[in-house]
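Following: one structure in structure tokens, then a few remarks.
The values are calculated or read from the model by the stated rules, or taken from the named source; none is laboratory data. Because the structure is a prediction, the values reported are computed rather than measured. All Cβ positions, glycine included, derive from the backbone under ideal geometry; neighbour counts span all protein chains shown. The area values use the complete protein model at the heavy-atom level, side chains included, leaving out ligands, DNA and RNA. Shrake-Rupley method; radii C 1.70, N 1.55, O 1.52, S 1.80 Å.
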Amino acid sequence: FPPYGVWPLAWVAFVPDLFAQHRLLPRQWSCVAPAVAVLLWLGPFMARLFGTEFGPVFTYLGVVFAILTYFTNRERGFLERTHYRWFVLHGVIGWVGFEMIRATVIPLVATSAFIGYTQATQPWLIQPASIFSVYGLNLVIMLCNFGLAQGAMAWFDRKWEAADVVAVDGRATRRWLAVTGVIIVAWIGISLVILNGARANGPTVRVAALRPNYPLPAFQDEVNTSPVRFETIAEQAREAAAQGAQIIYTPEMVFNFDPQVEYTDEFRALAQETGAYVFITYTVAKEGEPFRNEAVLLTPSGEFLDVYGKNHTFGEPPTPTAGVYPVYDTPLGRLATMICHDTNYTDVARKLARNGAQIIAAPAREFGGFGEQYWTNALFRAVENRSAVVASGVATISAIINPDGSLVALDVNLDGGRVTLVGDVTLGSGNAPYTSLGDWLGWASLAGWVFFVVFQTVTQRRAKKAAQS
């Protein structure tokens, strides 16, 4: 994961864990291997993501997951009872099925730390996500890990015979390695074909992501008040317009007022002066009124278009205007927006793309090290739906992303900094199969995960009965 970005390691990272679990450790201690693997994989990720702002609870969340893995792991017994016939399929389906669970029912995490996000810097490799989603890429990566692990185990069994180890079938191993190789080659081939078509010359629009370096939400910031914030954004907007920006994006919670109620004339004058479409993202947090986290598009002629309300919230009240997915048909293209945590889910960008969005705004109020990861999540929403995405953070992240996942511009600075990021982004084609198909592979993996949970219990009960008789 960023900031390290050693993307090839994801394809082999779990081979040592799986080999240790099934060959190096005694059966009664085999669950230590996946527990340690989860700790080393998820612990540092969560610590970097949340540790600086949310304290040790999240810093050591990886430890909690590791402990749960240790006490709930029964994989080796099940696989030995079935003579490792299900080793690869059980492992791959189990991994991606659980990813579907946490993306659905754990709102803090959503899709963050998906194994596929490690490949964000490789557009030549990730294009089939526009058909199979990020879940498809997760499946292929884990298939490589489990296929290689089974190959290592089969090699080990030929070299060393142990009476208390159930050997892996060599013929089945060769079949799985062949299947893995074919799927990886097919995936890369499809990716290159899609990328070649996606990079045909298409219309571009010059956009700007404004990052004012105000980490606090406007409604909590007693220093950078509304006049200060407006002047800063106005100055950056003029700077962007001087560089030719036609669409200007502001970050989440940058204002604590509805621009159609306050500073309305000032915003209209700014839009007219710059000649740009301006996405204004704001909150309304006033006593006696429902909390609103919203974005609205202001046209160069001074017209405010439909309001978008944030759909996925965590740690803040729900926004009453949520549930509507407006797309603005402009001479520059069909524009839309989501807000912060919406980007960490797959559904909002997909619904906007179904409504015809060609460029989707992704304003955010990042925290801790989240800026390092946010752009990867946004990038996969772009690839899945073949829609450009512009991410604008408050202090640490700015990104302009083409529909094929190539980075037009990226600026990440965890120390914070004021940035006006400008670039020419290609309009999305809006013809991705994923936009219609949705997360079908994720749901299929979840169904497979449930099947193996039941199947594992059935085989355990049969083994107990056989032992008793």
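Observations, loosely collected:
- For the chain, the longest principal axis of the Cα atoms and the long axis of helix 129-159 meet at an angle of about 30 degrees.
- Between amide H atoms placed 1.01 Å from N, distances below 5 Å from ILE339 occur with ASN311, all of them 5 or more places distant or on a separate chain.
- In the full protein context, the range 326-469 carries 34 Å² of accessible surface per residue, based on a 1.4 Å probe and ignoring ligands, DNA and RNA.
- Accessible-area order (highest first, 1.4 angstrom probe) of the listed residues ARG418, ARG85: ARG85, ARG418
- Beta bridges by DSSP in the range 330-426, antiparallel share as percent, to the nearest 5: 55
- Modelled FRET efficiency - R0 22 Å, TRP29 with HIS83, Cβ distances, 0.05 increments: 0.55
- Per-residue surface analysis assigns LYS351 an accessible area of about 70 Å², computed on protein heavy atoms at 1.4 Å probe radius.
- Cα Rg, Dmax, the range 300-427, angstrom units: 14.0, 38
- The residues of the range 118-174 present an accessible area of 39 Å² per residue when probed at 1.4 Å with all protein chains retained.
- Computed lengthening from GLU262 to ASP164, 0.36 nm per intervening residue step minus Cα-Cα distance: 27.8 nm
- Distance between the 7 Å Cα→Cβ label points at VAL223 and GLU289: 2.6 nm.
- MET46 accessible area, 1.4 Å probe, all protein chains in place, Å² to nearest 10: 10
- Carbon + sulfur, % of accessible area of the chain - ligands and nucleic acids excluded, 1.4 Å: 60
- Accessible-area value, TRP95, 1.4 Å probe, nucleic acids and ligands omitted, Å²: 50
- Of the residues LEU414, LEU210, ranked by 1.4 Å probe accessible area with the largest first, the sequence reads LEU414, LEU210.
- Net charge, VAL327 excluded, C-beta distance under 13 Å - Lys, Arg +1, Asp, Glu -1: +2
- Each of LEU9 and ALA463 was given a label point 7 Å from its Cα along the Cα-to-Cβ line. The distance between the two points is 3.3 nm.
- Distance between the 7 Å Cα→Cβ label points at LEU410 and GLN122: 1.4 nm.
- Rg of the Cα atoms in the chain, relative to 2.2 N^0.38 Å, amounts to 1.07.
- Amide H contacts of VAL408 (H built 1.01 Å from N, in plane; Pro and chain starts excluded): ILE400, ILE401, ASN402 sit under 5 Å, all sequence-distant by 5 or more or on other chains.
- Taking GluC sites (Glu not before Pro) as exposed when DSSP calls them loop and at most 16 other C-beta atoms lie within 10 angstrom, the chain has its longest site-free stretch at 304-469.
- Helix-only arithmetic for the chain: the sum of -39500 (n - 2.57) across DSSP H runs with n ≥ 4, divided by the residue total, places the mean residue ellipticity at 222 nm at -15500 deg cm²/dmol.
- The chain: relative contact order as a whole-number percent, Cα under 8 Å and 6+ apart: 18
- Principal-axis analysis of the Cα atoms of the chain puts helix 226-242 at an angle of about 90° to the longest axis.
- Angle in degrees between helix 440-468 and the longest Cα principal axis of the chain, rounded to the nearest 10: 30
- Within the chain, percent of DSSP bridges classed antiparallel, to nearest 5: 65
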